[in-house]
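Take a look at the structure below.
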Amino acid sequence: MMAADTKVRPADLVGAALREFGQLFALGLDVFFGMFRRPFQVREFIHQFWFVASVSILPAALISIPFGAVITLQLGSLTEQIGAESFNGAASVLAVLQQASPIVTALVISGAAGAAICADLGSRTIREEIDAMEVLGVSPIQRLVVPRVQATMLVAALLNGMVSVVGVCGGYFFNVVMQGGTPGAFLASFSALAHLPDLWVGTLKALVFGFLAGLVASYRGLRPAGGPKGVGDVVNQSVVVTFLLLFFVNFVISLIYIQIVPPQEV
């Protein structure tokens, strides 16, 4: 007897990826509308907010310092080569506000809090707690997923502000102390080229990235396979998928922002 053909066709992989994306999108819609639907899980939200913040604040602060320093040092070297040292402050601060801060925030939340959320929901699923909630008429999405996604969104927005401040302060220190820049030129170039929408787009990115981190972690946590080993697998998958999504979404938001908001004229 001939062995069965186990070769996976590319069409099957594309179909599976589309089904996964469709299910993730459907869960995202359920979570979004569930945020405005009673009953509100206030106690669960506070608990998850405290947990996400406690595991994310210190890593985000520690990462933001070298992130801002590297951006400032690299841009300082570049602006020196082209004779535009006076714009180093504006370039480094705008890079931190628009790109570095929301990305650092999302990476920390996904790697620390998202992995814990996925593991928690995955363990509940393999213990059949999710099935028991559905049998009792309790929506696991409204009861468990929505407060976790809300917590990741709020923590992401708050951490984005903290990372922005720490990154800008670190960039200022390294520009003035390490590269011999003048404090007045650093601040003057920033105030000349930056405007308020640069801060809003960073906050918007942080909210969207926080939503994606909580959503992907919850989605994979509700669908483990293979017992405890499957929980570990979906945790790794949730982190990887979140990283891929956030870089793609960051590109889309940045492209739209550049087209809609005109640059500040000197």
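For segment 15-171, with all protein chains present and a 1.4 Å probe, just round the carbon and sulfur fraction of the accessible area to a whole percent.
Numbers: 5320 of 7630 Å².
Its accessible area is 70 percent carbon and sulfur atoms.
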So, in nm, how far is label Leu187 from label Leu199 when the simple model puts each one 7 Å beyond its Cα toward the Cβ?
-> 1.6 nm
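Return one quarter of the surface area of the convex hull spanned by the alpha-carbon atoms of segment 42-256, equal to its mean projected area, in nm².
Numbers: hull surface 52.1 nm².
Value for segment 42-256: 13.0 nm².
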What is the distance in Å between the Cα centres of segment 211-266 and segment 100-114?
-> 10 Å
Just the accessible area per residue of segment 24-177, please: how many Å² with a 1.4 Å probe?
-> 47 Å²
Sticking with the crude label model, points 7 Å out along Cα→Cβ, report the distance from Leu58 to Phe36 in nm, one decimal please.
-> 4.0 nm
In nanometres, what is the gap between the two model label sites at Asp233 and Ala17, each 7 Å from Cα along Cα-to-Cβ?
-> 1.9 nm
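The values are calculated or read from the model by the stated rules, or taken from the named source; none is laboratory data. If you're wondering where the values come from, they're calculated on a predicted model, not measured in any experiment. Cβ atoms come from the backbone with ideal geometry, glycine included; neighbour counts cover every protein chain shown. The area values use the complete protein model at the heavy-atom level, side chains included, leaving out ligands, DNA and RNA. Shrake-Rupley method; radii C 1.70, N 1.55, O 1.52, S 1.80 Å.
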